[in-house]
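Only one structure is covered here, and it is reproduced in the block below.
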Amino acid sequence: MTLLHPDKKSDRLNTLRQTLVYMTRQSDSRAVLIKSVIVAGAAVLFTVPYLKYLTEIVIRTQNSGNQFQFESLFLSQLFLLFIACFLSALAGFSFSQRLELPGFGDWAKFARSFWNLLALGLTMVALSYFLFDRHFIQVAPQIYPKDLLYLLAMPLKRAFTDEIILRLGLVTINVMLFKSKPFGVIAVSVLFPFLSVKHFQFIGVAADFNYLFIISILLSLATHLIAGYLFIVRGLLYSMMFNFVLGLKFIVIAYQS
């Protein structure tokens, strides 16, 4: 085994430090790293029940009860999720000041907007339930489990994991690429609804071009546009709150069905 010369190791570490300092510019690079690790860790923790349930669905779909296969798939998904959340947080915390994005936002203003965000989120929950979920639960009841831990974790998963990756990470990167905040939001909002095809296939539902599929895309598009707007105008706290309320619909549906 060839070991790196101490000088080469030092050069590589210096290069990494300089790259991080350049990325963060006006931010404290060490603080950015620490915040990114903490945020990614929290996101993974809140997503454990959701990933565990999805992994079980995959194993059952494959008609395999192999415990080793389940654990390998589950742990690999957790690892990949941590990397995705860490890189997203790193990008968001590094570039937010340079791109004049509000970051987390102002806590005082957020507190004053709490009830408005709650009303907005509940309106979307109602629309989603009456237009989509009450019909889709008949087609795919497996994505509406009544497991208490899953139901409690789902709003937190949506608030932390989804917002860190989609808003803090991808919207920030797209704002930098397009040199435009609206285009950064639109790019992410248009891309992800069409991943509904993959989601439908993943849970074993045919992605036919029918009412449920079209409504799924339209609701997803509206959700991402609203969350993206809240993020670039007000801050991540606002989009997190909005998505947290949307996650409460799984609790409502579980006890309505």
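Bear in mind that the values in this text are calculations on the coordinates, not laboratory data. Just so it is clear, the structure is predicted and the values come from calculations on it, not from any experiment. Glycine gets a Cβ as well: all are built from the backbone with ideal geometry, and neighbour counts include every protein chain shown.
Some values worked out for this structure:
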item	result
Cβ-Cβ FRET estimate between L87 and L152, R0 fixed at 30 Å, reported to 0.05	0.65
Ranking of D28, D133, D208 by count of other Cβ atoms within 10 Å, fewest first	D208, D28, D133
Spin-label pair I214/F114, simplified geometry with 7 Å Cα→Cβ offset, distance in nm	4.1 nm
Under 10 Å, Cβ to Cβ, from I253 - net charge with Lys/Arg +1 and Asp/Glu -1	+2
